[in-house]
Structure formats: structure tokens, C-alpha cells
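The values are calculated or read from the model by the stated rules, or taken from the named source; none is laboratory data. Note that the structure is a prediction, hence the values are computed from the model and not measured. Quick reminder, even Gly has a Cβ in these numbers, built from the backbone with ideal geometry, and neighbours come from all protein chains shown.
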Amino acid sequence: MALNDATRQRIESLIPAEGVVLFMKGDRSQPQCGFSAQVVQMLDNVFPTYTTFDVLSDPEVRDGIKEYANWPTIPQLYVNGEFVGGCDIISDMYATGELHTSLGLAAPERKIPQVTVTETAAAGLRSHLENAPEGVFLFLSIDAGYETSLGLRPRTGIEIEVESNGITVLMDHVTAEKAEGVVIDMVEGLGGASFKVNVPAAPAPVRQLAPSDVKALLDDGTRFEFLDVRTPDERATAQIPGTRLLDEETAKQLETLPRDTMLVFHCHHGGRSQQAAEHFRHRGFVNVVNVAGGIDAWSAEVDSSIPRY
């Protein structure tokens, strides 16, 4: 289908002359396809400030961007107004460091991580590999939330490769940056034996802090993002001074922050804020706190002037 002038002009208005924009399925905080998630993870590791456009929200742009770039798939990356490519090209550029230099950054120093496959796991993996097609290897993936997966796939030539106990382990460069000290083991459970991957670099669990402890941090001048995940109506009823509502705009702004930024979440009693905290932990933030008991506990323990409801 030919790209009409109105859609072309709209697409051009979405592509800045300077900066980075990714046309993707979903948004930066919630990619809706694996390829989009893969590119977001690479960009997050390289360049904290970039814009995304959700093509699922606009069918005209979704179809039109393919015509505009003469590229058949989504996602699509543009840097300083120029089309860069889709997931495969971006992955290659990330591997070579070209993506970094295209964004004005120094190419990274690539290090081969130390990965251990235990003898028990190696024995189990050999049986899988013996029954697999020729040329297939074990592939390790660690996503932005440090969730791991193991699979079998052929070598493409751009992976990082390590060997342990006679097992070759392939991984992409994003995974390799998180994989130092990884141990692949096999453990017995109620459902039988299964593989387990221990990732030492994984961020700590969400911390639970009492309202008085969070207040002490505020009094000491500790800097953190204090976020209210309740509804606007609830916030109109009662709010903790210094907090801000976690709306769509705020969520997008948080995505641009360094991953070691301290994030503190609260809701009414602590349940919704725990979910929000887990979400941002899985987005790579390593210092995430949930206010135990929420604003209700804050009113009871810290500031009785805040209405309870």
C-alpha cells in the first residue's frame, strides 16, 4: 500500500533531526514483542535518553513506517533523523560497538565472562545436545530483569562463546555483560530434575522499609524518587509530601534515569506498590524500596495529619 502524504508527514514529525527514536511494539517499559524487547535492552545499556513510539497504538504509522523506511519489520531505529535498521542490524552493531559510536559514545571493551557448568548439569546437557541437530549449541539469555533462559540454537557468529566441563555456551553481548560468575547447575525438585542458573550480578530483591525508616532517609537528605502508585482520586484524599504520582509521563521519565537511582514506592497498604517496585526492578533498577504498610502506615507511624481512609 502506497504511503500517503499525510502519514509521511506525520512519520517525519516523529523522527527528530537530533536524538534517538525507536518505533516498536509496546513502549520502553512494556515491550510487546521479543524483538522490540531485545532492542530496548540494548539501547538501555547504551543510551539512557531516547524516545519510543508504539506502532500498535497507530495502525497508519505501523504500516506507513515500513513503506517510509523500505523496511518490512518492526522495530525500527532512527538516530539523528537517519534510519539505522531493525533488530538484527542493531544486534550486529551492538556486538561490534558500532551502535555505541553512532550515538557518540566510546566502543565498549568486551570481556569474556567466567561461566561454570557443573558436572551434573553438563551430564544432563550432553543428553540434550546428542539428540539435537548438528551444529546446535547451548544458548544462555539473561534479560533486563535478570530472568534467565536456556535453549538450543545454531551459532550465528556474533555471540560470545565460553566453555565449561565440555559444554559450549553461547550468549549475546547484552547477556555477556551480566554473566560474570554465572553457574549453570541441575537441581532436583518436586517435578524432577531441572536446570538452574545462578546470576551473581542480579539486583537485590525489593527492600521493605518501614515508614519511619523512609522518613529518616528524607531527614538525612538522602536523594531518591518517592513515588505514589495510587489513583489520582486517592491522592486527592491523602498524600505524603514530596511524593509524585506514578503516571505514564513519570514512568517514561524514570526510564531515562541511571539504573542505580534509588526508587521508593508507596500505595494504600503496600500491595500495589510492591508490584510497581518489582516491575522497575525487572527493568534493571538495582535500588528499589517498597514502603511497608503504605500511606496508611505512614499516617499511623509518621504523620497523623494525613487522613486515613
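The table that follows gives values for the structure above.
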read-out: Subset of region 145-193 [modelled with pLDDT of 90 or more and under 18 Å from the mean Cα position of the chain (by Cα)]; value: 148, 149, 171, 172, 173, 174, 175, 176, 177, 178, 179
read-out: Scan of region 275-291 for residues that are touching a strand residue (DSSP E or B) at 6+ places or on another chain (Cβ under 9 Å), buried (at least 20 other Cβ atoms within 10 Å of the Cβ) and not aromatic (Phe, Trp, Tyr), ordered by number; value: 276, 277, 281, 288, 289, 290, 291
read-out: Pick from region 254-264, criterion assigned to a strand (DSSP E or B) and touching a helix residue (DSSP H, G or I) at 6+ places or on another chain (Cβ under 8 Å), ranking: nearest to residue 234 (Cα to Cα); value: 264
read-out: Test: residue 120 is out of contact with any helix residue (DSSP H, G or I) (no Cβ under 8 Å at 6 or more places or on another chain), of a type in the set (S, T, N, Q) and in a strand (DSSP E or B); value: no
read-out: Odd one out for residue 216, checked against (1) assigned to a strand (DSSP E or B); (2) aliphatic (A, V, I, L, M); (3) surrounded by 13 or more Cβ atoms within 10 Å (Cβ to Cβ); (4) free of Cβ contacts under 8 Å to residues at least 60 places away in the same chain; value: (1)
read-out: Residue within region 201-218 that is farther than 30 Å from residue 301 by Cα and out of contact with any His (no Cβ under 7 Å at 6 or more places or on another chain) present; value: yes
read-out: Residues within region 265-290 that are closer than 18 Å to residue 225 by Cα and assigned to a loop (DSSP other than H, G, I, E, B), tallied; value: 7
read-out: Test result for residue 139, aromatic (Phe, Trp, Tyr) and not assigned by TED's automatic domain parsing to the domain that holds residue 19; value: yes
read-out: Cβ-Cβ under 8 Å pairs, at least 6 apart or on other chains, region 291-309 side on the phi > 0 side of the Ramachandran plot and part of a loop (DSSP other than H, G, I, E, B), far side among the charged types (D, E, K, R) and surrounded by 13 or more Cβ atoms within 10 Å (Cβ to Cβ); value: 293/301
read-out: Per-region count, region 151-178, residues outside any strand (DSSP E or B) and more than 22 Å from residue 88 (Cβ to Cβ); value: 2
read-out: Residue that is out of contact with any Lys or Arg (no Cβ under 7 Å at 6 or more places or on another chain) and either closer than 30 Å to residue 97 by Cβ or surrounded by 14 or more Cβ atoms within 10 Å (Cβ to Cβ) (or both), where the choices are 169, 199; value: 169
read-out: Residue check, residue 228 free of Cβ contacts under 8 Å to residues at least 12 places away in the same chain and farther than 27 Å from residue 43 by Cβ; value: no
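Okay, residues lined up against (1) on the phi > 0 side of the Ramachandran plot; (2) crowded, with 17+ Cβ neighbours inside 10 Å:
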residue	(1), (2)
99	no, yes
151	no, no
165	yes, no
181	yes, no
